[in-house]
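Inspection log for the structure reproduced underneath, given as C-alpha cells.
The values are calculated or read from the model by the stated rules, or taken from the named source; none is laboratory data. The structure presented is a predicted model; accordingly, all values stated were derived computationally and were not measured. Backbone-built Cβ (ideal geometry, glycine too); neighbour counts: all protein chains shown. Ligands, DNA and RNA are excluded from the accessible area calculation, which covers all protein heavy atoms including side chains. Shrake-Rupley method; radii C 1.70, N 1.55, O 1.52, S 1.80 Å.
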Amino acid sequence: MNTGRQLFTAVCGAICMFCSAQPGSIDASFTVGSGFNGVVYDVKLQPDGKILCGGAFTSYNGVTAHRIARLNSNGTLDATFTPGTTFNENAFYEIRSIDLQSDGKVIVGGNFFISVIPGYFGGDVARLNTNGTIDVTFQVAMNGGPVNSVVVQPDDRIVIGGFFIQHNSYTGGFVGTPCRRIIRMLPNGLVDTSFGLWAPDWGFDAAIWRMKMTPEGHFLVGGDFHEYVNDFNLSPTYAYYLATVSSSGSIGPVYPLLPAPNGMNGSVYALEMNERTGFFAGGAFTSYDVQSKNQITRINTSGFNDNAFSIGSGFGGNFSWVWDMYQLPTGPLYVGGAFTTYNGTSRNNFAKIMSNGTLVSTFNPSFNNAVRGIEVQVDGKILVVGDFTTVNGASKNRIVRLIGDAPVSIVSLFPQVILEGSCASGAAMQDWLRDASLLPLAEPYTALGYTFVGGGGGESSTAAVLGVDDPFNSVIDWVVVELRNAVNPATVVCSRAGLLLRSGLIVNTNAVSPMLFSVPAGNYHIAIRHRNHLGVMTSTPVFMSNQDPENIDFTSTWLGNYGSDAQKNISGIRTLWMGNAKRDNVLKYVGANNDRDQILLRLGGNPAATVSGYYVEDTRMDGVVKYQNANNDRDPILVNIGGVSTGTRLEQLP
C-alpha cells in the first residue's frame, strides 16, 4: 500500500529523466536582466504561472516597479500588472508578505500608507485587483507597526501578523479595533469577531514574523514575543518566540509547545508543516527542548524535538539565521537565510536537507547574501528571492530561478467536512463506529456500487490506524473525495477513498498524509461523498498544485458550495445532510424509493427491532439501526426535508 510520501517517491523514481541540468544550477531560460534594485522579501506563484514579488525595490530590470511587481513565467515584467505609484509615497515603504484570494486578488502586508487615491484610506495591509490596482472596497489601516505575515484561508478570510496594535476599518465608516500583533479579517476587511484574539489587550507582547496554517485550519506563529494574553483576566502566559493559535483564535491548544526555559531561546522567522506529524521551525535560535538546535529544528505533535531529524551542528556563520523553508512533497526541505555552513559543511545562504536532516551534497547553489523567499513551480524549478546580487558567481539581483527536482504528476489535498449524523446531538463528531470496532479495514464504496475513477478504489488501512482513540484524530468513517472537471463538473476526473477524522480532516489511509491524486496540477472542482449523507462540491474550480497540499474547508460558511442549500448550517458550522439511507441523490420520507423504508427493511419490517453493525441505514452513525424511540435513524430524515412528509431534499451535485 503506497501512502503519503511513499507514493510521491515512487512517482519521482519513474520520471527521474527531468532534464540534463544539475539541480541547483541557474535556469538560463528565466531572464531577469538587471533584476531588482532593492531587497525582495516575498515571492508568490499564481496558478497561471506568473510570479508576484514584494519588497523594498523601486525598479525591475530598469523599469519602474514600486515595492511590488508581477513577472511572466520567463522572468520578463508583466506590463498588465499596474499598481503605479500606490506604494511610493515614502522611500521607506516595503511589502513584506503576499498571498492570494480565491478570485485571484492579491493581499499584501508590509510597511506603507496609501493616501494618493481619492476616497481611499489604508495602510500596512491592502488588496490589489488582478491587474495590480488598489481594490477600493477593502479599506483597512493598521496602527502600531508593519504587517509581516499574511495568510489567506481557503474561505478567503485573512489572518495577518506583525507589529501592529490596532485594526482600523474605513468600509462604511470608521471602526477601530484594538489587537496585539494578530487578527483575522473577513474577506471585506472587517474584523472577524469569531476569532478570539481581537479583544482589547489580547494577543502577543512583541512582533510576529511568520505564520503557517496547519491542515486543520490552525496556525503556527513565530516571532520575537515572550508571552501572550488570552483571557479577560489579562493574565500573561509565557510563550517564547513560538506559539500555536487555534482556528477560533485561542492560543496554545494546537501543539503543547514547551515554555521557557525549555522552549526557544531566540526569534522564529520561518515555519513549515511536516504533513501532520509536526512542523519545522527556523530562525535565530540556538536551542529548543534543552538541545542545541542552531537555527532549525523539527518539532513533533507532542511539542518536543523530533530527533529523527538530525541536524548535527545545524547552521553557522556570523549572525546566522533561517528566513524561509519549503518542503517538497517527496520529503526534502529547501532552506534559505543568512548562513555559511550546515553541520560543518559549506553552504552559502541556501541548502537542501533530506527528511532525516542529512545535507544533500549534490545540491550546492551559492548566494552572496541572504535568501528571503522560496517558491517551487509545478515543473520543479525553484524561485528564490532575497538580498543577494550574485548566484554561483553570476549577477542575479535579488531573484533567480534554479533547476530543481523532477516534477510529480500528483496533487494533494487536505479537505475538511462534518457529517451531521455523527454529531446529531449537537456536539462534535463522535467516533461511535470506531468505539464499537465496526469500521471496515477496506473502503466500503466499491461494494456499495460506487465506481472509482483515475486509479482509486480498494484503499485499505490497518487495525492500528482505525483503533486510535483521540479527541481530534480518531477515525469517524470512510469518505470519497472526487476531483471534477473545471469546465464540466459532472465529469469526475479522479476519485479516492480516505479517512475522516474527528477534527473534520480527510486524510490518506495512514491517517497522517494528505489525499493524493494522480493528475497534473491544474484547476478542479472538489467534491465529497459519503455513504449515507448528501454530497457537496465547491462552487468554483480550485487550483491544485503538485507541491503544497491544498486545504479546502467545507465546514466554513465562507466557502462557496455548488448549488443551493448544499449543506446544513448548525450554529455557524456547515455539515453534510444526513439521512440518505437509499444511497441515491435525494432525501425522501414517503413514496417510491424513500429513505425511511430502507431503515425498516434493515430491521426485517419490525419497527421495534434494532440491529447493530456497519450499515448504510445507520444514519446517526452510532452503530445501531433504529426505527423508533429516542435517537432513531428515521426522524432526522423528516427534519432535513423541512418536517413535511411529502417534501424532498436534492443533493447539490451535477
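When the residues of region 549-571 are narrowed to those that are of a type outside the set (A, V, I, L, M, F, W, C) and either under 22 Å from THR619 (Cα atoms) or without any contact (Cβ under 8 Å) to a residue 12 or more places away in the chain (or both), which ends up most open to solvent (accessible area, probe 1.4 Å)? Top of the filtered list is SER571. Of everything in region 166-182 that is without any contact (Cβ under 8 Å) to a residue 24 or more places away in the chain and under 28 Å from TYR241 (Cβ atoms), the residue that is least open to solvent (accessible area, probe 1.4 Å) is THR177.
For region 116-151, residues that are within 21 Å of LEU271 (Cβ to Cβ) and either surrounded by fewer than 21 Cβ atoms within 10 Å (Cβ to Cβ) or in contact with a Phe, Trp or Tyr (Cβ under 6 Å, 6 or more places away or on another chain) (or both) total 4. Among the residues of this structure, ALA406 counts as one that is open to solvent by 10 Å² or more (accessible area, probe 1.4 Å) and within 24 Å of the chain's Cα centre (by Cα). If you go through region 462-493 and keep only what is part of a loop (DSSP other than H, G, I, E, B), surrounded by fewer than 18 Cβ atoms within 10 Å (Cβ to Cβ) and of a type outside the set (Ser, Thr, Tyr), you end up with GLY467, VAL468, ASP469, ASP470, PRO471, PHE472, ALA486, VAL487, ASN488, ALA490.
Does region 617-627 contain at least one residue that is more than 22 Å from ILE476 (Cα to Cα), more than 36 Å from the chain's Cα centre (by Cα) and open to solvent by 50 Å² or more (accessible area, probe 1.4 Å)?
Looking only at region 617-627, we keep the residues that are more than 22 Å from ILE476 (Cα to Cα), and these are 627.
Of the ones still in play, those that are also more than 36 Å from the chain's Cα centre (by Cα) are 627.
Retained after the next criterion (residues that are open to solvent by 50 Å² or more (accessible area, probe 1.4 Å)): none.
Within region 617-627, none of the residues are more than 22 Å from ILE476 (Cα to Cα), more than 36 Å from the chain's Cα centre (by Cα) and open to solvent by 50 Å² or more (accessible area, probe 1.4 Å).
Would it be correct to say that GLY613 is touching a residue at least 60 places away in the same chain (Cβ under 8 Å), farther than 30 Å from THR214 by Cα, open to solvent by less than 50 Å² (accessible area, probe 1.4 Å) and out of contact with any helix residue (DSSP H, G or I) (no Cβ under 8 Å at 6 or more places or on another chain)? Spelling it out, GLY613 is indeed touching a residue at least 60 places away in the same chain (Cβ under 8 Å), farther than 30 Å from THR214 by Cα, open to solvent by less than 50 Å² (accessible area, probe 1.4 Å) and out of contact with any helix residue (DSSP H, G or I) (no Cβ under 8 Å at 6 or more places or on another chain). The residue of region 67-79 that is nearest to ASN111 (Cα to Cα), among those that are assigned to a loop (DSSP other than H, G, I, E, B) and within 29 Å of the chain's Cα centre (by Cα), is ARG67.
Residues are listed down the side, and each one gets a yes or a no for (1) β-branched (Val, Ile, Thr); (2) outside any loop (DSSP other than H, G, I, E, B):
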position	(1), (2)
VAL116	yes, no
TYR120	no, no
GLY123	no, yes
THR130	yes, no
MET142	no, yes
ASP156	no, no
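A single member of ARG529, ARG583 is over 23 Å from the mean Cα position of the chain (by Cα) and either surrounded by fewer than 23 Cβ atoms within 10 Å (Cβ to Cβ) or on the phi < 0 side of the Ramachandran plot (or both), and it is ARG583. When region 508-526 is filtered for residues that are in a strand (DSSP E or B) and in contact with a Gly (Cβ under 6 Å, 6 or more places away or on another chain), only MET515 remains.
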